[in-house]
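The values are calculated or read from the model by the stated rules, or taken from the named source; none is laboratory data. Please read all numbers here as calculations on a predicted model, not as lab measurements. Note: ideal-geometry Cβ built from the backbone for every residue, glycine included; neighbour counts use all protein chains shown.
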Amino acid sequence: MKWLADVLVLGGTLVLTLSVLGILRLPHVLFRLHAAGQAVLPGVAAILLATLGTGEVRLVSRALLVCVFLLLTAPVSSHAIARAAWQKKARRDSTPPGTPQP
């Protein structure tokens with residue numbers, strides 16, 4: 001069971017790393033939001049589910065509760081950010097604040 005936990009942690013870390021790269025490199029707020037949203041289920045949930053390898057009931061139940069909380073709140077927050085960007089009429093070529101101009 002320990003190898004499964006190792007695989008889940010490595011996979012989750014890889015997904016989170018790719019998501020961070022997407023957030024930093026993508027040009028528009030909606031594209032960056034998509035990259036951030038992709039980190040929630042496969043990335044964070046995989047790392048939290050790696051607690052299954054410990055066999056401790058309290059730890060596993062807490063990790064499952066955090067996963068359920070993320071599954072319920074991530075779409076709501078993504079929708080709020082996307083709606084704010086839409087109402088602000090964010091331009092497609094907008095860059096995040098603090099990004100150096102070429």
- Does VAL60 satisfy the condition of being in contact with a Ser or Thr (Cβ under 6 Å, 6 or more places away or on another chain), more than 30 Å from LYS88 (Cα to Cα) and surrounded by 14 or more Cβ atoms within 10 Å (Cβ to Cβ)? yes
- Please work out if LEU48 is buried (at least 18 other Cβ atoms within 10 Å of the Cβ), touching a Cys at 6+ places or on another chain (Cβ under 6 Å) and farther than 25 Å from ARG83 by Cβ. yes
- Between residues in region 22-37 that are under 13 Å from ALA85 (Cα atoms) and surrounded by 16 or more Cβ atoms within 10 Å (Cβ to Cβ) and residues that are modelled with pLDDT under 85 and not aliphatic (A, V, I, L, M), which pairs lie under 7 Å by C-beta distance while being six or more apart or on different chains? VAL29/SER94
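This table checks each residue for (1) at pLDDT 90 or above; (2) in contact with a Lys or Arg (Cβ under 7 Å, 6 or more places away or on another chain); (3) part of a loop (DSSP other than H, G, I, E, B); (4) closer than 30 Å to LYS89 by Cα.
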site: TRP3; (1), (2), (3), (4): no, no, no, no
site: LEU10; (1), (2), (3), (4): yes, no, no, no
site: ILE23; (1), (2), (3), (4): no, yes, no, yes
site: PHE31; (1), (2), (3), (4): no, no, no, yes
site: CYS67; (1), (2), (3), (4): no, no, no, no
site: LEU71; (1), (2), (3), (4): no, no, no, yes
site: VAL76; (1), (2), (3), (4): yes, no, no, yes
- May I ask you to say which residue of ARG58, ARG83, ARG92 is at pLDDT 90 or above and basic (Lys, Arg)? ARG58
- Examine region 83-90 for a residue that is under 14 Å from the mean Cα position of the chain (by Cα) and among the charged types (D, E, K, R), and state whether such a residue exists. no
